[in-house]
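> Have a look at the structure that comes next, please.
The values are calculated or read from the model by the stated rules, or taken from the named source; none is laboratory data. These numbers were taken from a predicted model, which means no experiment stands behind them. Cβ: placed from backbone, ideal geometry, glycine included. Neighbour counts: every protein chain shown.
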Amino acid sequence: MMTLIGSTLLIACSSAPGNTDPFAVLPSVPSTVWIAPTDLMPGTTAPDGAAVEIVPDDDVQAILGANPPGTTYSFSPGIYREIQIVPKKGDIFVGRRGAILSGARLLTDLEKNGDFWSEGGLDQEGERRGSCLSDQSACTFPEDVYFNDELLTQVRSIDELQPGSWFFDYENDTVYLADDPSGNKVEIAVVPYAFRGAAGSVTIRGFVIEKYANPAQRGAIGEKGTGPDWTVGENEIRLNHGIGVKAGPGARILGNYIHHNGQLGVGGSGQGILVEGNEIAYNNIGGFNPYWGGGGAKFVMTVGLVVIDNYVHHNIGPGLWTDIDNMDTRYESNLVVANYHAGIKHEISYDAVIIDNVVEGNGFGNDNTVAGAGIFVSSSPNVEVTGNVVKGNFDGIGGLARDRGDGRYGPYELRNFYVHDNEVEMADGYTGIVSVRSKNRNAVYTEWGNRFEGNNYSIVGGGKHFWWLGKPRTFDEWTSYGLDTSGSMQRQ
């Protein structure tokens, strides 16, 4: 059963049908983030049995060095600033309620400097990665500033500085603010990772993990990917610049609240990853280009990935996205709501089952035909889509055939796309298949085993809402091609 961990904030998801610029209307993401009172934070009581007790002033890595692999560490309540941990095999890290691992440093020496406030001596400069939205040109810089836990917007020159923003003069190691810091908490993200390393079978449970200066495509937990068989469970992972957690082979990401991260909530590569029971929300607040890689969760080169029973909402980009050489993926029983691009997207990958999900109100930031679908499969063979409720998305269920070359397991082709026994409600867009820039344009429709069977459609208003053989179709035309002959359509 799904457990909703956060879901305290709401944002308006803007419909943008017909926009030539898909970024012209962005969802209004609140910059002020709800911070849980201590009694509502994740965490646990002291672990049973022997555990090494950690308090905020300890040299944590030195304590780890003095203990054998497989040690359990219990972190007392408090803020552990600028902490980075490289575990040993089998280590268990337990956060008592109120234990916060922070990658940020307090700015306590800000002084009035003309119209602004500034502090010098800040020489951190992390790796720059990524592709930004046109109006978010500083997203590649991993340093972030927080004003009473509110993320400020980084600008590229002091001339752009205004309330709610900040400027980093990297050449002179000086930060500038336009807001008066007196009596306020001001922090800057400094260190890039909370946990990283190749040791296997590590457990991380019960923490708030926040404000790390991890570059795009790197996890505050896991860096390039966790070691094998890590379990990351019951944490709140928020306000990190790149990815909240990046899973490696055999990782289990269970029951976390992963929100307001700069690029993605979850990423991962490897065999046997399980992502279950998480709330993944409001990610890509750093303004990364969603087509490059921003949104809720994105997985690359996985085998046997299972994504089940998650609540994925209000991410700027796809909700759940498998992109490049993912094999044997299973998306099951997820609630995917109000994401800016497709709800569930499977792209240039291979065999997958997308079953029993509820997918609603997604895709209004992508008005390319069928690309704003609740469920969207792009140039990927052997995908079954069944038992889903797909409602009120920009498009219904869509497939895209486009020449993308070959991958690890063969050509990237839309073959054997089997869409059956789904409930689909549409007021905008289309359900169907689009073939573009494909040398096998007609074969996609007539020879490659792509079919729709037994789906039930509820159409709001008039118009043609099915796409086949290069143009919109009525339901009667749709069924004349042998599609959904055992299905139904009614208009509201």
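> Please verify whether L254 is surrounded by fewer than 24 Cβ atoms within 10 Å (Cβ to Cβ) and in contact (Cβ under 8 Å) with a residue 12 or more places away in the chain, treating the condition exactly as stated.
Values: surrounded by fewer than 24 Cβ atoms within 10 Å (Cβ to Cβ): yes; in contact (Cβ under 8 Å) with a residue 12 or more places away in the chain: yes.
Here the answer is yes, as L254 does meet what is asked.
> Looking at region 338-350 only, could you name the residues that are crowded, with 24+ Cβ neighbours inside 10 Å and not polar (S, T, N, Q)? Steps first, please.
Kept after step one, since they are crowded, with 24+ Cβ neighbours inside 10 Å, are these residues of region 338-350: 339-346, 349.
Once the filter is applied, which keeps residues that are crowded, with 24+ Cβ neighbours inside 10 Å and not polar (S, T, N, Q), region 338-350 yields Y340, H341, A342, G343, I344, K345, H346.
Okay, residues lined up against (1) crowded, with 16+ Cβ neighbours inside 10 Å; (2) in a loop (DSSP other than H, G, I, E, B); (3) acidic (D, E):
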residue	(1), (2), (3)
A50	no, yes, no
S74	yes, no, no
K89	yes, yes, no
R105	yes, no, no
D109	no, yes, yes
K112	no, no, no
W117	yes, no, no
L122	yes, yes, no
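> Looking at S137, S118, which one is among the hydroxyl-bearing types (S, T, Y) and either over 22 Å from G317 (Cβ atoms) or touching a helix residue (DSSP H, G or I) at 6+ places or on another chain (Cβ under 9 Å) (or both)? Steps first, please.
Numbers: S137 fails: either over 22 Å from G317 (Cβ atoms) or touching a helix residue (DSSP H, G or I) at 6+ places or on another chain (Cβ under 9 Å) (or both).
Being among the hydroxyl-bearing types (S, T, Y) and either over 22 Å from G317 (Cβ atoms) or touching a helix residue (DSSP H, G or I) at 6+ places or on another chain (Cβ under 9 Å) (or both) holds for just one of S137, S118, which is S118.
> Then there's this: What are the pairs, 6+ residues apart or on separate chains, where a residue within region 153-182 that is among the basic types (K, R) has its Cβ under 8 Å from a residue that is assigned to a loop (DSSP other than H, G, I, E, B)?
Every condition considered, the pairs that remain are R156/S137; R156/A138.
> Of everything in region 480-492, what is of a type in the set (S, T, N, Q) and either touching a residue at least 24 places away in the same chain (Cβ under 8 Å) or buried (at least 18 other Cβ atoms within 10 Å of the Cβ) (or both)? Give them in sequence order.
So in region 480-492, the residues of a type in the set (S, T, N, Q) come out as 480, 485-486, 488, 490, 492.
Within region 480-492, T485, S486, S488, Q490, Q492 meet the criteria.
> Turning to a different aspect of this structure: State whether one or more residues within region 347-355 are modelled with pLDDT of 95 or more, closer than 24 Å to H259 by Cα and among the aromatic types (F, W, Y).
No.
> With respect to S380, is the statement that it is within 17 Å of R330 (Cβ to Cβ), of a type in the set (S, T, Y) and surrounded by 19 or more Cβ atoms within 10 Å (Cβ to Cβ) true?
Numbers: within 17 Å of R330 (Cβ to Cβ): yes; of a type in the set (S, T, Y): yes; surrounded by 19 or more Cβ atoms within 10 Å (Cβ to Cβ): yes.
Against the criterion (within 17 Å of R330 (Cβ to Cβ), of a type in the set (S, T, Y) and surrounded by 19 or more Cβ atoms within 10 Å (Cβ to Cβ)), S380 qualifies.
> Within the group A198, A194, A216, A220, which residue is within 23 Å of E82 (Cβ to Cβ), surrounded by fewer than 18 Cβ atoms within 10 Å (Cβ to Cβ) and of a type in the set (G, A, S)?
Values: A194 fails: surrounded by fewer than 18 Cβ atoms within 10 Å (Cβ to Cβ); A216 fails: surrounded by fewer than 18 Cβ atoms within 10 Å (Cβ to Cβ); A220 fails: surrounded by fewer than 18 Cβ atoms within 10 Å (Cβ to Cβ).
It is A198.
> Listed residues F466, F452; which is in the same structural domain as E360 (by TED's automatic domain parsing), touching an Asp or Glu at 6+ places or on another chain (Cβ under 6 Å) and either within 25 Å of P381 (Cα to Cα) or buried (at least 17 other Cβ atoms within 10 Å of the Cβ) (or both)? Spell out the reasoning first.
On the way: F466 fails: touching an Asp or Glu at 6+ places or on another chain (Cβ under 6 Å).
The conditions single out F452.
> Please state which one of A247, A220 is farther than 30 Å from S134 by Cβ and out of contact with any Leu (no Cβ under 7 Å at 6 or more places or on another chain). Lay out the reasoning, then the answer.
Working: A220 fails: farther than 30 Å from S134 by Cβ.
Matching residue, one of A247, A220: A247.
> Let me ask something else about it. Give me a count of the residues in region 309-337 that are free of Cβ contacts under 8 Å to residues at least 60 places away in the same chain and part of a strand (DSSP E or B). Break it down stepwise before answering.
Filtering region 309-337 for residues free of Cβ contacts under 8 Å to residues at least 60 places away in the same chain gives 312, 315, 317-323, 326, 328-332, 334, 336-337.
In the following step, the residues that additionally are part of a strand (DSSP E or B) were identified as 312, 320-323, 329-332, 336-337.
Qualifying residue count, region 309-337: 11.
Residues are listed down the side, and each one gets a yes or a no for (1) among the small types (G, A, S); (2) outside the structural domain of M301 (by TED's automatic domain parsing); (3) buried (at least 20 other Cβ atoms within 10 Å of the Cβ):
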position: E360; (1), (2), (3): no, no, no
position: F364; (1), (2), (3): no, no, yes
position: A373; (1), (2), (3): yes, no, yes
position: T386; (1), (2), (3): no, no, no
position: F394; (1), (2), (3): no, no, yes
position: D406; (1), (2), (3): no, no, no
